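Reading through the structure tokens given below for one structure.
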Amino acid sequence: MALNGFIDLRSDTLTIPTPAMREAMATAEVGDDVFGEDRTVNALQELAAEKLGHEAALLVSSGTMGNLTALLAHCGRGDAAIVGDGSHVYTNEAGGLAAIGGILPYVVPNQPDGSLRLEDIEAAIRPDNAHFAPARVIALENTHNRMSGAYLTPEYTRQVADLAHARGLKLHIDGARIFNAAVAQNVDVKALAQCADSVTFCLSKGLSGPVGSVLCGSKEFIRIAHKRRKALGGGMRQAGVIAAAGIVALEQMVERLRDDHANARILAEGIACVEGLHVNLAGVKTNMVYFDLDPALPFDAADLCKRAAAERVKMLPTGPRRIRAVTHCYVSRDEVVEAAQVIAHVTHDGRGRAADGKVHAY
């Protein structure tokens with residue numbers, strides 16, 4: 001199951017289309033989606049909207065485009081969006097909300113579970129005053145990438161939605177991995193998405209589609225979002241070849257996310273046994289494992305990742321002494337066990353001794 005000869009844990013974006021997806025793509029009925037005439041795209045959008053409990057949906061090329069399209073639909077230039085300080089829309093989307101949308105981010109702290117405290121959200125809503133940019137939308141992320149793939153609960157999401165609506169704001173959910181959140185909690189994804197005014201999810205991560213995300217909302221919201229997508233260059237033509245794989249992803253790849261979560265737990269437990277590496281096992285909720293290097297180790301995260309790659313295991317350094325590993329359908333249980341063994345080996349000298357000469361526990 002290795003990709004290009006590697007156990008590649010850098011991201012679940014590295015998944016490739018399954019054989020069923022490739023067959024569906026090869027035989028997809030297509031038309032011009034800009035004219036609304038690609039029946040396969042239309043079928044995907046209808047399926048996505050139904051699954052997430054919304055009226056309508058729109059296929060976009062990426063999660064970044066989906067989030068920006070949503071923010072542009074909710075906000076005008078000079079408006080504000082309330083976002084987490086670790087959120088993908090704030091830290092990893094090239095500043096598009098400000099650079100392209102003219103939207104001011106009101107930044108509040110993300111908690112370790114990925115949430116924003118209700119009191120922090122409330123405090124970020126400025127008074128109706130000529131001095132302040134009016135907040136129009138609150139953006140949540142579920143699951144939360146930088147918070148080790150933590151998920152938000154239906155109860156919390158409803159609380160934020162109620163707060164937003166009581167204050168005249170909209171709620172957008174960056175649900176790139178919202179199906180991971182649903183599977184991990186054994187809930188219908190509608191319980192996490194239906195109360196929001198808009199939600200995106202990615203087809204190209206754990207669901208193994210080759211490209212694309214879907215933005216869901218009301219019919220009126222999607223009508224506006226369709227215009228914003230066009231302005232961003234997102235009007236696609238015979239996109240049914242992409243949408244066909246997305247339909248297979250939604251029909252066949254959701255429940256098996258449980259395997260990825262179980263494999264992440266196995267990987268985390270293996271890493272936790274390695275002296276000099278620190279992982280919060282309680283924080284491993286879905287398919288992401290973040291771990292830190294002890295200051296005593298005489299190398300940094302980038303160096304450890306290079307050592308592991310030389311032994312056929314790829315991971316992603318996310319800080320000077322922090323590493324991310326993500327499980328997905330092209331990493332088997334045996335391979336995560338092997339990956340943990342490789343990580344232990346390259347952390348030490350291959351003879352079971354740490355830099356200080358002590359025998360490590362793995």
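The values are calculated or read from the model by the stated rules, or taken from the named source; none is laboratory data. Please read all numbers here as calculations on a predicted model, not as lab measurements. So basically every Cβ, Gly included, is an ideal-geometry build from the backbone, and we count neighbours across all protein chains shown.
What residue, among those in region 38-71 that are of a type in the set (Gly, Ala, Ser) and under 14 Å from ALA243 (Cβ atoms), is nearest to the chain's Cα centre (by Cα)? Give the derivation first.
Filtering region 38-71 down to residues of a type in the set (Gly, Ala, Ser) leaves 43, 48-49, 53, 56-57, 61-63, 66, 70.
Filter again for under 14 Å from ALA243 (Cβ atoms), leaving 43, 48-49, 57, 61.
Numbers: ALA43: 24, ALA48: 17, ALA49: 19, ALA57: 18, SER61: 15 Å.
Looking at the filtered set, the residue picked out is SER61.
Does any residue in region 2-25 that is modelled with pLDDT under 95 come within less than 7 Å, Cβ to Cβ, of a residue that is part of a helix (DSSP H, G or I) six or more places away or on a different chain, and which pairs are these?
Pairs found: ALA2/GLU335; LEU3/LEU14.
Just checking, does region 155-177 include any residue being of a type in the set (A, V, I, L, M), surrounded by 24 or more Cβ atoms within 10 Å (Cβ to Cβ) and farther than 19 Å from CYS75 by Cα?
There is at least one residue in region 155-177 that is of a type in the set (A, V, I, L, M), surrounded by 24 or more Cβ atoms within 10 Å (Cβ to Cβ) and farther than 19 Å from CYS75 by Cα.
So, in region 183-218, exactly how many residues are without any contact (Cβ under 8 Å) to a residue 40 or more places away in the chain and either of a type in the set (Phe, Trp, Tyr) or part of a helix (DSSP H, G or I) (or both)?
2
Which pairs turn up if I take residues in region 32-58 that are of a type in the set (A, V, I, L, M) and look for partners that are assigned to a helix (DSSP H, G or I) and surrounded by fewer than 17 Cβ atoms within 10 Å (Cβ to Cβ) with beta carbon separation below 7 Å, at least 6 apart in sequence or on another chain?
Short answer, once both residue conditions are applied: LEU52/LYS190; ALA56/LYS219.
Test VAL34 against the stated conditions and say whether it is closer than 17 Å to ARG229 by Cα, more than 21 Å from the chain's Cα centre (by Cα) and either assigned by TED's automatic domain parsing to the domain that holds SER213 or among the aromatic types (Phe, Trp, Tyr) (or both). If you could, list the steps in order and put the result at the bottom.
Numbers: closer than 17 Å to ARG229 by Cα: yes; more than 21 Å from the chain's Cα centre (by Cα): yes; either assigned by TED's automatic domain parsing to the domain that holds SER213 or among the aromatic types (Phe, Trp, Tyr) (or both): yes.
Answer is yes for this residue.
Going through region 155-182 one residue at a time, which ones are hydroxyl-bearing (Ser, Thr, Tyr) and farther than 24 Å from GLU93 by Cα? Show your work before the answer.
Filtering region 155-182 for residues hydroxyl-bearing (Ser, Thr, Tyr) gives 156-157.
Matches in region 155-182: TYR156 only.
Kindly establish whether ALA164 is in contact with a Ser or Thr (Cβ under 6 Å, 6 or more places away or on another chain), at negative phi and in a helix (DSSP H, G or I).
Values: in contact with a Ser or Thr (Cβ under 6 Å, 6 or more places away or on another chain): no; at negative phi: yes; in a helix (DSSP H, G or I): yes.
Here the answer is no, as ALA164 does not meet what is asked.
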